[in-house]
Amino acid sequence: MQALPIIATEEQLISLIQQTDERPLWLYKHNTNCGSSRVAHLALNQFLTRYPHVSSRFSYAVVRVLEEKALSGKVAELLQTPHKSPQILLVYKQKVVWNSSHQQINSVQLSQLAQHFLQQNPSL
């Protein structure tokens with residue numbers, strides 16, 4: 001699997017959220033002890049490798065919900081989105097514009113959503 005950047009501090013999280021004013025962010029919340037999370041992580045990596053013409057236009061980060069439990073809660077607080085795991089959030093202009101969890105996270109869905117998002121935001 002491709003290594004995705006792991007967020008370990010609140011400062012990193014805030015910085016990444018602020019950067020979404022310029023570039024959208026896929027923020028993935030991963031549970032290292034959960035089978036559904038492993039499947040979702042694989043789907044995210046498949047999206048990155050199968051659809052590079054689309055996926056390259058976004059930033060990516062991972063929050064490990066067990067190892068950084070307080071940070072996972074901070075994601076929910078700052079982005080005003082209920083906690084789920086696994087969960088993927090599309091963040092743009094410091095707001096969640098889409099999110100999904102569990103078996104709904106798959107590479108085809110991510111590609112379709114990303115393409116639709118880019119069509120709606122042609123300046124990206």
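The values are calculated or read from the model by the stated rules, or taken from the named source; none is laboratory data. These figures come from a predicted structure and were not determined experimentally. Ideal geometry is used to build each Cβ from the backbone, glycine not excepted, and the neighbour counts take in all protein chains shown. To get the accessible areas, we keep the full protein, side chains included, count just its heavy atoms, and leave off ligands, DNA and RNA. Shrake-Rupley method; radii C 1.70, N 1.55, O 1.52, S 1.80 Å.
Considering only SER111, SER56, SER72, the Gaussian network model of the chain with Cα springs below 10 Å gives its largest mean-square fluctuation to SER56. The three principal axes of the C-alpha atoms in the chain carry coordinate ranges of 36, 29, 23 Å, sorted with the longest axis first.
Accessible surface area normalised per residue over the chain is 52 Å², counting heavy atoms of protein chains with a 1.4 Å rolling probe. Taking label points 7 Å from Cα along the Cα-to-Cβ direction, VAL97 and SER15 give a separation of 2.4 nm.
In terms of the mean number of neighbouring beta-carbon atoms within 10 Å, the peptides 60-68, 47-55 order highest first as 60-68, 47-55.
Within the accessible area of the chain, what % is carbon and sulfur when the probe is 1.4 Å and the other protein chains stay in place? Of all accessible area on the chain, carbon and sulfur atoms account for 50 percent.
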